[in-house]
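The values are calculated or read from the model by the stated rules, or taken from the named source; none is laboratory data. None of the values given here were measured: they were computed from a predicted structure. Note that we place each Cβ from the backbone using ideal geometry, even for glycine, and neighbour counts take in every protein chain shown.
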Amino acid sequence: FDPELRLYGPDGELELFADDTPPLTQDPGFVYHAKIEGTYVIAVSDSAFAGFGGDRYRLHVGEFPRPQTFCPLGAKPGETVQVKWLGDPDMGLQTVTVPDDPSLESMSLFAHRGEDLSPTGFPFLIQSYPTHFETEPNNENPSAPPLSIPCAVEGTIDPAGDADVFEFVGKKGDALNFRVYARNYQLYQTRFGSSLDSRIAVFGPGGEALVWEDDNLGLDSVGECTLPADGVYRVLVYDHQHKGGPTFPYRLVIRPSEPTLDLKLEVNFLGYQPAASPAYQGNRTVMVVRANRRGFDGPVNLKLPNLPPGVTAEIPPLPAGEVLFPILLTAEKDAPLAGSLVRFDATSEAEGSTIHGELKHDIMLAFGRDYNPFLYHTVDTMAVAVVEDASYQIEVLDPVVKVTRGASAKIRVRAVRRPGFNESIALSAPWTPPGLACGSPTLPAGEDEIKIEIAASEGASPGVRKMLVVGDYLDYGIASAFFDLEVLSPEGNDGQVASVEVPPEQLMMSSPKVEPTPSGPIKSPPKDAESTEVLEEVTKESKVAIAATATISFRHEILPLLTKFGCNTAVCHGRKSESNPFYLSVFGHDAKNDYATLLGDSSHPRIVPGYPEESLLFLKTSGQVSHEGGELLSPGSRPYRLVRTWIEEGAHPDPEGAPQIQSIEIRPKHVVLDGKGVTRRFTLLATFSDGQSREVSDLGTFTASDPLRIKFDESGLATAGESGEVTVLGRYGRLSACAQVIVRPDYRELDWPDLPVANYIDQRVFEKLRLLRLVPASLCEDHVFLRRAYLDIIGLLPTVEETQCFLEDPDPNKRARLIDELLDRPEFADVWATKWADVLHVRSFDAIDRKAMIRYSEWIQNSMKAGVTPAKLTADILAAEGGAFTSPATNFYKPFTPSEEIAEDFAQVFLGIRIQCAKCHDHPFDHWTMDDYYSFAAFFGRTYRKNSEDRRQALVYSDNSYGEVKHPKTHEAVAPKFLGGVRPQTEGLDRRAVLADWVVSGTNPWFARNVANRVWEHFFGAGLVSPVDDFRDSNPPTHPHLLEDLANRLVECDFDIKPLIRDIAGSTVYQLSCTPRDPDRNDVKNYSHYPIRRLDAEVLADSLSQVGEQAVKYPYYPLGYRAMELPNGRSEDHFLTAFGRPDRETVCAEERQRQPTLSQGLALMNGQIVQQVCDSSRGRLNRLLKSDNGDSNIVSEIYMAAFCRPPSSDEVDRHLAYLASEKDRGEAMEDILWAVLNSKEFLFQH
């Protein structure tokens, strides 16, 4: 139970809300001074709507004190001190006498106010160190006099930004320990209640940093160092996020450090240390132990002296500098089923003395919500018990596995399954030596063997190490025996490089060995005036000299041909895999490696320079040898001649300094084709770095976004098809350019209707309709507009009374007035809160972050209700720091997500740009490069997460001093750069804040267009750019000038979307009928009529509830929550899932599904919600059947509630006839309501 408290005043208004109040972990409390006399209400609820019926709590209500923290935090034995209570305004000083017992480490301290006692106790430290109290100001100049070591310092970080500085005189060689007490005395359970998230730094006499520590014990800091020289040292204490205030007290203890060794078991998958370890009969299991050394860094040996009978432990020594090592427990097949408490005996030699260490194992006695540690007990033994054998055993088939630094190897693993066990097995290496990384594959169900890849970094230490593989089994796992992993160096014994790799662009060919081809025996490469070869002994100093003159460019002619034929796409050779050794970079973005791949090696050459008839590249592409891609080079064609001539001339790479391609242009860019069958030729023009331009149409491709409207032949000749608009993508190599083509019918006079032009939207849309020779539909009727506006603006149907009032209103401006009224309704905020939540990862990934998800959703909802604009919402997310509960906007920064993925999500949500493709190569359909990608990701390179006291929430923070994103090709740090813009000055600044300023500025071309496009999509079912988050050159807007107008309007209104919505809903285009005047034209994106679309899941569910006058109970939420208000993207409701409510796994807007499915039909026929709202024993039907209304009036109300119109006389007659034919009036009326709710008129927005 994770409770939260609310206090309501006599007027029913919320006075106070409390949750997770310090010093408590997940319990709330508050101090309140009554403003007026009257009856107050205290509400206790679960913070995540997750009560399970058996949850119990104890609520204290009274006039007792309830402080948050206190100071000082400790004193010497026998000392009497004045304790100041903080956080309760009515508390003063309290005299405390410390027991004169040096053996005590702490005592419990309770606040008193008269005879009232605080229900919450605090730990008060008992330490024999002399105590110093900080003297302000000491931000830059230290408190005087210098500290004497050992000592304790009591201070407070107040105000925000405060940093306390202290000095002490140190001697060379002194080993000192520095610890800040503020949050915890013992982790998880006894808390001082201070708000300080401490950092500590120690600087030497020369200003050098010796200690710079953050979190070591919860959020408290611990550091150690050996003083390098005699002199004056400085200690700096400050808050991690530079916060401060009266409730930020701390106690700093500086004392000599002694070498210590502690052992801790690594946590399991639930995040806590296991309470015991099994030893499976005839099998093996593993525990991973962490050695915490202080004051030394030597090797550690470990023994387990009192294991159960029949159990042995194999423990490799832990080398110096490493902290993790495995314990392999093996139980004999006939080992008795028994257990014992095992002690851990660790030893290490340091400076001639033996250091002993033991296990400090935390046994969790009580857990809070989601396994959050609440109460624990520390012991020095571990329970090991022999249990019956598991369902399988793990074997590594190779006793020795060798891997070279900078390379990888395969570990062959076998599962020996017990009869009847055929489930899949997740495999991993829970422990690997430094510099090694092991894969974690899953052995498929029923299979017995698999290979696991292990990679050694360049920095991995050569030598032999012990390793093992573990299969997932309950909380512990089944282990293999140890095997030897030998890390090899690429260097020989003398340290010299054993082999030299000559860059492919410098190598021509050297005695190639290839299999005979159908053309005959292999010939030697030619030697002529155009191509010479010099072969020398390959040593460290060797060079290959080549003199070559080529007439054909590999980079600008051969490589584009491979792209033209699709050879380097993901469906062919552009996908890297074990089954595809012939890997080419996608769309040829890496010409250097592609050349090397095409050339091949001496054992598998793909090109024999000088001899195309003996080169596999030519033989396969020309169809002379079997090729899955078929014949690509037609004899006599220019591509055929290019490839053949290039190989004949020696298959040279481009010379150093050859011109590089800069851009391409498609001509013409805008074309109107009148009539089916009309043709037009398109060309591609490439511009190079030397200023030269040339046509490259035959080396490129032309594709149309809709082949029904335009078809291309190989030469670039386009033939018009069906009427409409189409985008033509011209591609040359890795570059592309677009043209817009309109195909329209032969000229005819337009019978243009008399429609009002209400604003700029109508002007832009009607201009294009005239160009396309499309006639717009007529205006929709009032009841259609009423229903349309209600559902789009507030996500609800109007009530019957609201419908009658609107339909009877004679005011010609009633539509504009209705729009204004709806924009002021509170439900408007719910609609846009859901829109943003869909793309901001508002979902519970598992039970652990359910509360964070709810806080995140509430933050978005409250922001929308407060009128927060998209610009402010974006800035708040970029500025977010703190915990997932207290600063909900930080939930955008998902745990364990690298900076690059955060940048991808941000660009897609707030800029409408998908930059993911540029992570591994330049974007194939846009102008974004890898440099653009990583430069943009650098804005998030200094955004970090760290653990909090409540492990359910991570703390997000920025550090402006360090953290870089590196380019994977150059391995160099990249400076932040705006997408499509410049590199701003970010030195010493918060990079996210710099990004926020640019996002909403006039120099950013993306943000306003993205938001405007999303607003348009909400009202028309598709954006002017569709998908809405995919702005790119090859996906242009259908109405570019209109999109600019909408974006400019948004900027004019400071990004307030209400004026923009007022323009859209008030336009004639929005108010057109859904019935087209010319249905044969099949217009789907030019708005000649209103586009019909199915209601979204939440709107449909809430509309069903409205028509039936019955609140729907959704799983895990109180009755009364509408579907539009549900916070969790992971819907627990079948109806919402069936109708496409997104899980919000991604930020992609297309995750919301609108396609019809069988499950939707079943849900409408006999689903729970439909059955409930059609039940005549409750809700609207029950009320109507009990009334004096006649059947015709009941039918009329149903129609008004569902369709916003009265039924026609024919409809009334048919329903009355049906009612007369049925015996049970209630069931017959249920059938009528069911039919109405299953009609297209109800299910669709029209």
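Report yes if some residue within segment 221-233 is modelled with pLDDT under 90 and acidic (D, E); otherwise report no.
Scanning segment 221-233 turns up at least one residue that is modelled with pLDDT under 90 and acidic (D, E).
With the requirement that a residue be charged (D, E, K, R) and not in a loop (DSSP other than H, G, I, E, B), what does segment 204-235 give you?
E213, D220, E224, R234
Between residues in segment 134-155 that are closer than 12 Å to Y233 by Cα and residues that are among the charged types (D, E, K, R) and at pLDDT 90 or above, which pairs lie under 8 Å by C-beta distance while being six or more apart or on different chains?
What qualifies is P142/E167; P142/R234; P146/E167; L147/E167; I149/D174; I149/R255.
Would you mention how many residues in segment 673-691 are of a type in the set (K, R) and either over 17 Å from D713 (Cβ atoms) or in contact with a Leu (Cβ under 7 Å, 6 or more places away or on another chain) (or both)?
Qualifying residue count for the region: 2.
Which condition from (1) within 30 Å of F203 (Cβ to Cβ); (2) among the hydroxyl-bearing types (S, T, Y); (3) in a strand (DSSP E or B) is the one that S108 breaks?
(1)
Hey, any hits in segment 803-811 for a residue that's charged (D, E, K, R) and over 28 Å from F1203 (Cα atoms)?
no
Identify all residues within segment 561-597 that are modelled with pLDDT of 70 or more, in a loop (DSSP other than H, G, I, E, B) and among the small types (G, A, S); write none if there are none.
G566, S585
Taking the conditions exactly as written (touching a helix residue (DSSP H, G or I) at 6+ places or on another chain (Cβ under 8 Å) and charged (D, E, K, R)), does E901 satisfy them or not?
When the stated conditions are applied, E901 does not pass them.
Of the residues R945, R952, only one is in the same structural domain as W836 (by TED's automatic domain parsing), in a loop (DSSP other than H, G, I, E, B) and within 21 Å of the chain's Cα centre (by Cα); which?
The unique qualifying residue is R952.
Scan (1) at pLDDT 90 or above; (2) within 22 Å of L769 (Cα to Cα); (3) assigned to a strand (DSSP E or B) for the single condition D754 breaks and write down its number.
Tallying (1) at pLDDT 90 or above; (2) within 22 Å of L769 (Cα to Cα); (3) assigned to a strand (DSSP E or B), D754 fails exactly one: (3).
Can you say whether D1029 is in a loop (DSSP other than H, G, I, E, B) and surrounded by 19 or more Cβ atoms within 10 Å (Cβ to Cβ), as far as the supplied structure shows?
Yes, satisfied.
Does I854 satisfy the criteria of being buried (at least 16 other Cβ atoms within 10 Å of the Cβ), in contact (Cβ under 8 Å) with a residue 60 or more places away in the chain, assigned by TED's automatic domain parsing to the domain that holds L955 and in contact with a Phe, Trp or Tyr (Cβ under 8 Å, 6 or more places away or on another chain)?
Yes.
Quick grid of which residues meet (1) touching a Leu at 6+ places or on another chain (Cβ under 8 Å); (2) of a type in the set (A, V, I, L, M); (3) surrounded by fewer than 18 Cβ atoms within 10 Å (Cβ to Cβ):
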residue	(1), (2), (3)
R1154	no, no, yes
Q1171	no, no, yes
C1204	yes, no, no
S1208	no, no, yes
V1212	no, yes, yes
A1217	no, yes, yes
A1220	no, yes, yes
E1241	no, no, yes
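Going by the structure shown, is R1093 touching a strand residue (DSSP E or B) at 6+ places or on another chain (Cβ under 6 Å), under 27 Å from K894 (Cβ atoms) and surrounded by fewer than 22 Cβ atoms within 10 Å (Cβ to Cβ)?
No; evaluated as a whole, the condition is false for this residue.
So P1142 fits all but one of (1) farther than 30 Å from V839 by Cβ; (2) in contact with a Cys (Cβ under 9 Å, 6 or more places away or on another chain); what number is the exception?
Failing condition for P1142: (1).
Any residue that is over 20 Å from P1005 (Cβ atoms), surrounded by 18 or more Cβ atoms within 10 Å (Cβ to Cβ) and at pLDDT 90 or above - is there at least one of those in segment 906-913?
no
Residue-wise test of (1) surrounded by 19 or more Cβ atoms within 10 Å (Cβ to Cβ); (2) in the same structural domain as R855 (by TED's automatic domain parsing); (3) under 19 Å from D116 (Cβ atoms).
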{"site": "V61", "(1), (2), (3)": "no, no, yes"}
{"site": "W85", "(1), (2), (3)": "yes, no, yes"}
{"site": "D90", "(1), (2), (3)": "no, no, yes"}
{"site": "L93", "(1), (2), (3)": "no, no, yes"}
{"site": "T97", "(1), (2), (3)": "no, no, no"}
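Would you be able to say whether some residue in segment 1142-1162 is farther than 18 Å from A1202 by Cα, in contact (Cβ under 8 Å) with a residue 12 or more places away in the chain, of a type in the set (D, E, K, R) and in contact with a Ser or Thr (Cβ under 9 Å, 6 or more places away or on another chain)?
yes
Name the pairs: first residue in segment 375-390 and modelled with pLDDT under 90, second residue polar (S, T, N, Q), Cβ to Cβ under 7 Å, at least 6 apart or on different chains?
Every condition considered, the pairs that remain are L375/Q189; Y376/Q189; M382/S277.
Any residue in segment 1126-1139 that is acidic (D, E) and touching a residue at least 60 places away in the same chain (Cβ under 8 Å)?
no
Of all residues in segment 925-955, count the ones that are under 26 Å from F702 (Cα atoms) and surrounded by fewer than 22 Cβ atoms within 10 Å (Cβ to Cβ).
5
Could you check segment 376-416 for strands (runs of 3 or more DSSP E) lying wholly inside it with 2 or more residues that are surrounded by fewer than 19 Cβ atoms within 10 Å (Cβ to Cβ) and small (G, A, S)?
Of the strands (runs of 3 or more DSSP E) lying wholly inside segment 376-416, those with at least 2 residues that are surrounded by fewer than 19 Cβ atoms within 10 Å (Cβ to Cβ) and small (G, A, S) span 381-387.
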